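Heads up, the thing below is written out as structure tokens.
The values are calculated or read from the model by the stated rules, or taken from the named source; none is laboratory data. Given the structure is predicted, the values throughout are model-derived calculations rather than measurements. Virtual Cβ from ideal backbone geometry, glycine too; neighbours counted across all protein chains shown.
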Amino acid sequence: MLSVGEAPEAPTGAGRRVTIFMSVFNCHVNRSPIAGDVADYAYSVGKKGAAFTEKSSHVNEQNRVSIASPRGRVTFKQIAGALARRIVFYPRLGASLARGERVGMIKFGSRVDLFVPDGAEILVGKGAKVKAGQTAVARWS
């Protein structure tokens, strides 16, 4: 399941959020949305509520990661769900990533919020199915 909308908690310059919910039947591998360096990483302890609810983006256990590229920063969150028992993020702060490179996973039901930079075109819509490393979610113009 996928949704697209405004994000009041978004970083400056990225006011839209693409939310990708992964059920227990989906693959939970997470990949880098862009090529760049890991500029910021923060883990937040939280609840393990249903990841498909809006409040899970604010109250559930999560990692918030920013990747800096020559075009700007892209931020995403790995959010644990009700059945998720562990969020994994492999790269270290400052690590260089390739677009589509495997960066981690969330074990069982989970969610990823991708904050899309202003001026970028969102290529997916509500209800679309996406595949990690295969589906283009957004594109800078």
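Quick notes
- Scanning segment 15-29 for residues that are surrounded by fewer than 16 Cβ atoms within 10 Å (Cβ to Cβ) and basic (Lys, Arg) yields no hits at all.
- Residues in segment 27-47 that are part of a strand (DSSP E or B) and among the polar types (S, T, N, Q) were compared, and the one that is nearest to Arg73 (Cα to Cα) is Asn30.
- Taking the listed residues Val103, Val112, the one that is out of contact with any Cys (no Cβ under 9 Å at 6 or more places or on another chain), more than 18 Å from Lys55 (Cα to Cα) and assigned to a strand (DSSP E or B) is Val103, with no other qualifying.
- Yes/no for Phe115 being aromatic (Phe, Trp, Tyr), in contact with a Pro (Cβ under 7 Å, 6 or more places away or on another chain), touching a residue at least 12 places away in the same chain (Cβ under 8 Å) and within 14 Å of Ser32 (Cα to Cα): yes
- Test: Ala82 is modelled with pLDDT of 90 or more and either surrounded by fewer than 21 Cβ atoms within 10 Å (Cβ to Cβ) or of a type in the set (Phe, Trp, Tyr) (or both): no
- Meets criteria (part of a strand (DSSP E or B), of a type in the set (Phe, Trp, Tyr) and at pLDDT below 90) for Phe21: yes
- Total residues in segment 30-67, condition surrounded by 16 or more Cβ atoms within 10 Å (Cβ to Cβ) and either free of Cβ contacts under 8 Å to residues at least 24 places away in the same chain or not charged (D, E, K, R) (or both): 18
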